[in-house]
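Derivation of every value follows stated rules applied to the coordinates shown; laboratory data play no part. Remember, it's a predicted structure, so these values are computed and weren't measured experimentally. Heads up, the Cβs are rebuilt from the backbone with ideal geometry, glycines too, and the neighbour counts pull from every protein chain shown.
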Amino acid sequence: MTENEIIAFVSGFPGVVAMTVTEDSGAPEIAWGDTFFYYDPEGTLEARPRQPFATIVTKDYDGYDTASDLNRTGVFRLNIAIGSGEFQRLVGYPPKEHAEHHAGTDYTVEDRVIPHPVYARQGWVAILNPGEQARPLLSEAHARAVAHHRPLRAS
């Protein structure tokens, strides 16, 4: 799947806001070009910031997140919040044990579900240049975001 195919697929889910960061967004320059997917059926994201349920990252964040070597030509990483149960099913161990497996993980491998190099402990996985296996994971992440959503109450 290409970045644009992922954006189109996830944007088709009800209540999703896909935000590709630009210079005009006010976000730090390092994030420009990256895409964040939020479940925001009420359109309250600006009033009530929240965590995305998936992201597309297009480059290394020097000094913070470089394990996937995203500065290679044509490489991007899809990151998906799948939760601890699905993480364990896919990766083979619970997220809380990731530190024990970190050194033995190849974060540069393409088209394979791997633990997220920074957020594995929070139940995130990653896929560099993903294939079709990303679709059901993105669907599940959206369903989890819907289930955990708490609407903003009027005051």
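Below are the figures for this structure:
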quantity	calculated
Estimated inter-spin distance, residue 135 and residue 48, nm [label 7 Å along Cα→Cβ]	3.2
Residue 8 paired with residue 29, simple spin-label distance in nm, labels 7 Å along Cα-to-beta-carbon	3.3
Mean shadow area of the stretch 3-148 over all directions, Cα convex hull, nm²	8.8
Relative contact order for the stretch 30-155, counting Cα pairs under 8 Å that sit 6 or more residues apart, in percent	25
Gain on full stretching of the segment that runs from residue 20 to residue 146 - 0.36 nm per residue minus C-alpha separation	43.3 nm
